[in-house]
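The values are calculated or read from the model by the stated rules, or taken from the named source; none is laboratory data. Bear in mind the structure is a predicted one, so any value in this text is a computation, not a measurement. Backbone-built Cβ (ideal geometry, glycine too); neighbour counts: all protein chains shown. Note: accessible area is taken over every heavy atom of the protein model, side chains too, but ligands, DNA and RNA are not part of it. Shrake-Rupley method; radii C 1.70, N 1.55, O 1.52, S 1.80 Å.
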Amino acid sequence: MEPNRNRPRVAADGPLDSTVMSLLADRVELLPWDATDGTTGPLDGLYTYGHPTVDAAMLDRLPGVRVVSNYGVGVDHIDVPAATARGILVGNTPGVLDGATADMGFALLLATARRLVEGDRYARSAAFTRYDPGYMLGREVHGSTLGIVGMGRIGEKIARRALGFDMTVLYHNRRPRPEIESALDLRYVGFEELLGMSDFVVLCVPLTDQTRGLINASSLKQMKPSAVLVNIARGPVVVTGDLLDALRTGTIAAAGLDVTDPEPLPRDHPLLSLENVVISPHLGSATDRTRLRMAEGSVANLIAGLAGHPLPSPVSTLPPERS
Ligand code: DGY
């Protein structure tokens with residue numbers, strides 16, 4: 001049957017957020033992701049939320065696609081150069097989720113340092129019969145040294161929160177950011193220096209060829225044995241097997257992970273049975289207000305791209321001859 005061409009046809013990875021569904025109702029014809037195999041007619045746009053992969057082969061199969069809109073910031077699942085080379089716009093939702101993600105980073109830092117999840121399990125168990133001042137001693141957060149790897153919008157928000165905990169804050173970034181150093185009392189240091197000096201290391205970098213495997217056996221060895229690693233970036237920034245070894249052997253003390261590689265971990269993965277690990281299921285931006293802004297921003301990008309207009313939040317811009 002000939003597809004209905006009154007509305008632009010968009011393949012979306014589901015399940016879709018209810019706000020996105022209502023914002024798109026009557027404006028686009030939504031199709032399941034399977035439609036990207038190209039066998040059910042042409043597509044005008046793609047809508048993703050951090051996955052699945054959008055690569056050059058898919059884009060070649062779908063020559064009508066004008067825009068790929070992602071619900072979220074990380075676009076490591078999209079081959080952005082391939083899209084740009086084909087005149088396809090890619091949009092994401094930066095700026096709307098920094099506060100929520102930084103809150104989550106701090107929640108994981110505190111939960112891991114103060115053994116909150118382990119304590120919760122203990123408090124519910126029959127083993128808890130009386131208060132004991134000697135049990136479950138954690139690591140002091142206030143007054144300790146925090147190392148932030150990646151000083152973008154989220155890293156900056158983490159630094160602001162650390163001020164309230166009287167922490168000494170070091171950071172490493174592709175380029176120093178002197179404009180915020182004095183305002184936030186930050187110090188730029190080399191990556192290895194940061195690892196060696198920090199009590200807490202928080203990862204806030206995008207996943208790129210440069211950051212994949214950044215935390216591996218050799219970088220973990222440079223951290224203090226008492227250190228806590230927090231990953232709110234992307235799972236593959238950390239080599240999972242190396243982290244597991246480091247946590248088992250005491251190379252570092254503990255880890256708080258909002259993201260893992262793979263994600264989710266297989267249910268029998270040994271990392272899931274370690275007491276010195278707190279894991280959350282990729283909840284960085286998962287608050288009601290942030291989700292609303294992500295929905296609105298991603299839909300605005302999609303609608304603009306379908307109409308041939310510049311995106312409100314483009315990941316990259318097309319060269320003039322393609323725009
Ligand atoms: C992001 O925005 O990249 C978050 O990880 C949610 O996908």
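Quick check: is even one residue across region 262-273 within 16 Å of the ligand (Cβ to nearest atom), surrounded by fewer than 21 Cβ atoms within 10 Å (Cβ to Cβ) and more than 19 Å from residue 117 (Cβ to Cβ)?
Checking region 262-273: at least one residue is within 16 Å of the ligand (Cβ to nearest atom), surrounded by fewer than 21 Cβ atoms within 10 Å (Cβ to Cβ) and more than 19 Å from residue 117 (Cβ to Cβ).
For region 312-322, indicate whether the set of residues that are within 16 Å of the ligand (Cβ to nearest atom), charged (D, E, K, R) and without any contact (Cβ under 8 Å) to a residue 12 or more places away in the chain is non-empty.
Scanning region 312-322 turns up no residue that is within 16 Å of the ligand (Cβ to nearest atom), charged (D, E, K, R) and without any contact (Cβ under 8 Å) to a residue 12 or more places away in the chain.
Of the numbered conditions (1) farther than 30 Å from residue 62 by Cα; (2) surrounded by 15 or more Cβ atoms within 10 Å (Cβ to Cβ); (3) away from the ligand (no atom under 16 Å from the Cβ), residue 99 satisfies every one except a single condition; which is it?
Status for residue 99: all satisfied but (3).
Applying the selection to region 239-261, what residues are closer than 23 Å to residue 72 by Cα and either hydroxyl-bearing (Ser, Thr, Tyr) or within 15 Å of the ligand (Cβ to nearest atom) (or both)?
Step one: list which residues in region 239-261 are closer than 23 Å to residue 72 by Cα, which gives 256-261.
257, 258, 259, 260, 261, listed by residue number.
Name the residue that is most open to solvent (accessible area, probe 1.4 Å), counting only residues in region 131-147 that are over 18 Å from residue 230 (Cβ atoms) and not aromatic (Phe, Trp, Tyr). Steps first, please.
In the first step, residues of region 131-147 are kept if they are over 18 Å from residue 230 (Cβ atoms); the result is 131-137.
If we keep only those that are not aromatic (Phe, Trp, Tyr) as well, we get 132-134, 136-137.
Details: 132: 67, 133: 95, 134: 55, 136: 53, 137: 116 Å².
Ranking the candidates gives 137 first.
When region 300-323 is examined, which residues are found to be open to solvent by less than 40 Å² (accessible area, probe 1.4 Å), under 24 Å from the mean Cα position of the chain (by Cα) and at pLDDT below 95?
Across region 300-323, the qualifying residue is only 316.
Only residues that are surrounded by fewer than 16 Cβ atoms within 10 Å (Cβ to Cβ) and either within 16 Å of the ligand (Cβ to nearest atom) or among the basic types (Lys, Arg) (or both): list them for region 40-78, please.
In the first step, residues of region 40-78 are kept if they are surrounded by fewer than 16 Cβ atoms within 10 Å (Cβ to Cβ); the result is 40-42, 51-53, 55-57, 60-61, 63-64.
Passing the criteria: 51, 52, 53, 61.
Taking the criterion of being assigned to a strand (DSSP E or B) and more than 16 Å from residue 215 (Cα to Cα), would at least one residue in region 148-163 satisfy it? Steps first, please.
Residues of region 148-163 that are assigned to a strand (DSSP E or B), as a first pass: 148-149.
Next, only the ones that are more than 16 Å from residue 215 (Cα to Cα) stay: none.
No - not one qualifying residue is present in region 148-163.
For region 1-115, which fully contained helices (runs of 4 or more DSSP H) count at least 1 residues that are modelled with pLDDT under 95? Give the derivation first.
Details: elements: 18-24, 56-61, 80-85, 98-113.
Correct list: 18-24.
For residue 109, which of the numbered conditions (1) open to solvent by less than 30 Å² (accessible area, probe 1.4 Å); (2) within 11 Å of the ligand (Cβ to nearest atom) fails to hold?
Exception for residue 109: condition (2).
Could we say that residue 128 is under 20 Å from residue 194 (Cα atoms) and either open to solvent by 40 Å² or more (accessible area, probe 1.4 Å) or under 22 Å from the mean Cα position of the chain (by Cα) (or both) here?
On the way: under 20 Å from residue 194 (Cα atoms): no; either open to solvent by 40 Å² or more (accessible area, probe 1.4 Å) or under 22 Å from the mean Cα position of the chain (by Cα) (or both): yes.
Here the answer is no, as residue 128 does not meet what is asked.
Kindly indicate which of 241, 250, 297 is open to solvent by 20 Å² or more (accessible area, probe 1.4 Å) and on the phi > 0 side of the Ramachandran plot.
Numbers: 241 fails: on the phi > 0 side of the Ramachandran plot; 297 fails: on the phi > 0 side of the Ramachandran plot.
Exactly one of 241, 250, 297 is open to solvent by 20 Å² or more (accessible area, probe 1.4 Å) and on the phi > 0 side of the Ramachandran plot, namely 250.
Mind listing whichever residues of region 79-96 are under 15 Å from the mean Cα position of the chain (by Cα) and crowded, with 19+ Cβ neighbours inside 10 Å? Walk me through it before giving the result.
First pass over region 79-96, keeping only residues under 15 Å from the mean Cα position of the chain (by Cα): 92-96.
Correct list: 92, 93, 96.
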